[in-house]
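Shown next, in structure tokens, is the structure this report addresses.
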Amino acid sequence: MSREPMIAPSLLSADFARLADEVARVADADWLHVDVMDGHFVPNLTLGLPVAKAIQAVSTVPLDCHLMIEDPERWAPGYAEMGARNVTVHAEACTDPCGVARDIRAAGSLAGLAIKPGTPLDDVLEVLPDFDTLLVMSVEPGFGGQSFIPDVLGKVRRARELVDTGHLQVLVEIDGGINADTIEQAAEAGVDVFVAGSAVYGADDPAKAIAALRAQAAAARG
């Protein structure tokens with residue numbers, strides 16, 4: 001697994017009226033984080049498969065689809081089939097996490113498992129070997145612009161240790177409140193993939209912001 005820090009700008013912070021332009025503004029990113037919310041699993045409603053397909057068609061950056069939805073077993077394979085690099089489902093929404101991971105992988109994507117700030121890592125350790133990425137939420141899922149919850153870094157450290165000792169093979173991803181003030185502590189804890197919304201899309205020059213965040217993370221990780 002790569003240990004170079006990866007930056008995944010979140011389209012949730014982009015201008016939805018200009019999506020193609022907004023996708024082009026982050027061409028230097030490693031992944032493009034696409035939040036799919038259904039208004040049921042989380043109170044917010046964003047976009048679904050048709051819009052994700054349109055984004056995939058214009059993006060030169062691999063898509064990282066984060067499904068904050070009910071019944072992910074039914075919907076997740078479609079995001080893999082359309083060509084997303086990584087498709088993440090929520091542990092709290094899955095009835096058959098290993099089955100959905102198998103279906104995502106069979107359709108050609110990496111399979112990710114997300115956990116909310118209050119969900120212990122122990123709850124998912126048994127199924128994590130079936131996944132390629134672990135997404136630790138550092139805010140409550142549903143809305144952008146929330147403050148980083150540092151308590152979740154204990155889960156990151158434990159996951160990093162399990163990866164480094166060969167017990168797990170996952171990329172550790174973090175999502176929520178990641179910016180110039182928080183990325184170093186997340187990197188020190190062992191994060192591989194950093195989802196950043198307003199820290200990238202709120203910057204005058206998103207490419208510079210991506211490069212600066214990547215450099216900060218690399219330096220913090222030593």
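With 10 angstrom as the radius, rank Ser59, Ser147 by how many other C-beta atoms surround their C-beta, starting from the fewest.
By the 10 Å Cβ count, ascending, the order reads Ser147, Ser59.
Remark on Asp30: its backbone amide H falls under 5 Å from those of Ile7, a criterion applied only to residues 5 or more positions apart or on other chains, H modelled at 1.01 Å from N.
Can you sort Val58, Val139 so the residue with the fewest Cβ neighbours within 10 Å comes first?
Details: Val58 11, Val139 20.
Neighbour counts put them in this order, fewest first: Val58, Val139.
Starting from 0.36 nm per residue, how many nanometres of slack lie between Ala215 and Asp71 once their C-alpha separation is accounted for? Show your work: numbers first, answer last.
On the way: separation 144, 0.36 × 144 = 51.84 nm, distance 3.79 nm.
Result: 48.0 nm gained on full extension.
Residues in the range 33-41 carry Karplus couplings, in order, of 8, 10, 8, 10, 10, 10, x, 10, 5 Hz; the curve used is 6.51 cos²θ - 1.76 cosθ + 1.60 with θ = phi - 60°, and Gly or Pro positions show x.
Straight-distance candidates among the lysines for linking to Lys53, with alpha-carbon spacing under 29 Å and chain neighbours fewer than 8 residues away dropped: Lys116, Lys208. Bridge orientation summary for the chain: considering DSSP beta bridges with both residues in this region, about 5 percent are antiparallel.
Taking Ala186, Ala101, Ala52 in turn, the Gaussian network model of the chain (Cα-Cα springs below 10 Å) assigns the largest fluctuation to Ala52. Between the alpha-carbon centres of the range 164-222 and the range 62-96 there is a gap of 22 Å. For the chain, the mean residue ellipticity at 222 nm estimated from helices alone is -9500 deg cm²/dmol, where every DSSP H run of n ≥ 4 contributes -39500 (n - 2.57) and the total is divided by all residues, rounded to the nearest 500. Globularity index of the range 6-221 is 0.92 (Cα radius of gyration / 2.2 N^0.38 Å, N = number of residues).
Bear in mind that the values in this text are calculations on the coordinates, not laboratory data. Being a predicted model, the structure only gives us computed values, none of them experimental. Here Cβ is always computed from backbone atoms with ideal geometry, including for glycine, and neighbour counts include all displayed protein chains.
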